[in-house]
Amino acid sequence: MDEVVLPSGLPQPPALSCEALGYSPDARLLIVNCDDFGMYPGINAAVVESIEEGIASSCSLMVPCPGAVDAMRRLRRRPEIGFGIHLTMVCEMPRLRWGPLAGAEKVPSLLDRQGSLFAPTQAGRAALFGQARLDEVELEFRAQIDAVADAGLAPTHLDFHCLADGGRGGIFELTLELAAEYGLAVRVWLDPGRHTARQRGLVVVDNDFLDSFSLDIEEKAARYVQLLRDLPSGLSEWAVHPGLGDPNSRAVDDGWRVRRTDYEFLTSPQAQEALRREGIVVVDYKQIQRAWTRVLSPR
């Protein structure tokens, strides 16, 4: 790849990212990002509604998945929706398969003995990271980013499907370099990555990251309201996973109940009221992208 300048040793941004984004130190900012956009149609419809009618602020597109063409068509009709690329190296759906966009023959180190993407189990992750070649990871990531550009769409950020901060240090650093080259931000939420990013003057979340798959389905709405009530000052992010939970979704996705309950809360009057009552400002990655591009620059 072309050499990219990744600044190091720069003055750190303000103590809280909300200040770096132009808000007061006591501001409570929240990114509500819908992951897995493009996986299948029942997710696509729910994501769009959760953004247009609910409290979600952005989404992340899984380019290799069967529903990606439909998702990109929806995005072209709605240029106001900010979206990222949900960089995808694993497949957890036995009844809904996808593979590398670059082509299996070009990225064999990302595949198991059957020629398929690994599942994001503990064993699957260990096997993938034990053999994945960084040049092949880069080839696949570029294929996913370039496919979005070829569709005439402009993403705001990069994040990872089922692999926090890329899952391996070299992959994380590669993604920072790609972000600099393409003018994007990166979702960073583990402590080592946040420390690295802050040392380079980059805006990242201040508080613990929430993955909605970690929440109990029972009484989820009440739990979300409590989380909003307890949201600390600074920049926070929720990765939510809305889906319609319709019969077609249930046929392929064992996690449809998580997605359905997310969708129900995100589009509810209760969610809107909780945000209003708590004075929480919902932001998206467009603001984060602008902050990153002020720091990262290709040589």
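Every number in this text was worked out from the coordinates using simple rules, so none of it is lab data. This structure is a prediction, so every number in the text was calculated from the model and none was measured. Here Cβ is always computed from backbone atoms with ideal geometry, including for glycine, and neighbour counts include all displayed protein chains.
Which residues among the stretch 175-213 fall inside the zone where the amide N is under 14 Å from a point 7 Å beyond the Cα of residue 293, along Cα→Cβ? From the stretch 175-213, the list is 179-186. Per-residue packing, averaged as other Cβ atoms within 10 Å, sorts the ranges 222-232, 166-176 into the order 166-176, 222-232, beginning with the highest. Packing around the peptides 270-280, 284-294, taken as the average count of other Cβ atoms within 10 Å per residue, puts them in this order, highest first: 284-294, 270-280.
GNM on the chain, alpha-carbon springs under 10 angstrom: the most fluctuating residue among 17, 109, 214 is 214.
Placing dummy labels 7 Å off each Cα toward the beta-carbon, the span from residue 73 to residue 106 is 2.5 nm. Springs join every pair of Cα atoms under 10 Å in this Gaussian network model of the chain, and among 259, 73, 194 the largest mean-square fluctuation is at 73. Each of 137, 44, 221 was scored by the projection of its Cα onto the charge dipole of the chain, and the greatest displacement toward the positive side belongs to 44; charges sit on the C-beta of Lys, Arg, Asp and Glu. Relative to its Kirkwood radius, the Cα radius of gyration of the chain gives an Rg/Rh of 0.95.
A simple spin-label model places pseudo-atoms 7 Å from Cα toward Cβ; at residue 252 and residue 190 they are separated by 2.9 nm. Between residue 129 and residue 96, the C-beta separation translates, for a Förster distance of 25 Å, into a calculated FRET efficiency of about 0.60. The distance linking the stretch 241-257 with the stretch 43-102 is 15 Å (Cα centroid to Cα centroid, whole angstrom). Sorting the segments 143-153, 37-47 by their mean number of nearby beta carbons within 10 angstrom, highest to lowest, gives 37-47, 143-153. Spatially, the stretch 157-229 and the stretch 112-150 are offset by 19 Å when compared through their Cα centroids.
Let's test the formula: R0 of 25 Å, r as the Cβ-Cβ distance of residue 211 and residue 282. What FRET efficiency results, to the nearest 0.05? After rounding, the FRET efficiency stands at 0.90.
Think of it as helices only: each DSSP H run of n ≥ 4 in the chain is worth -39500 (n - 2.57), and spread over all residues that comes to -12000 deg cm²/dmol at 222 nm.
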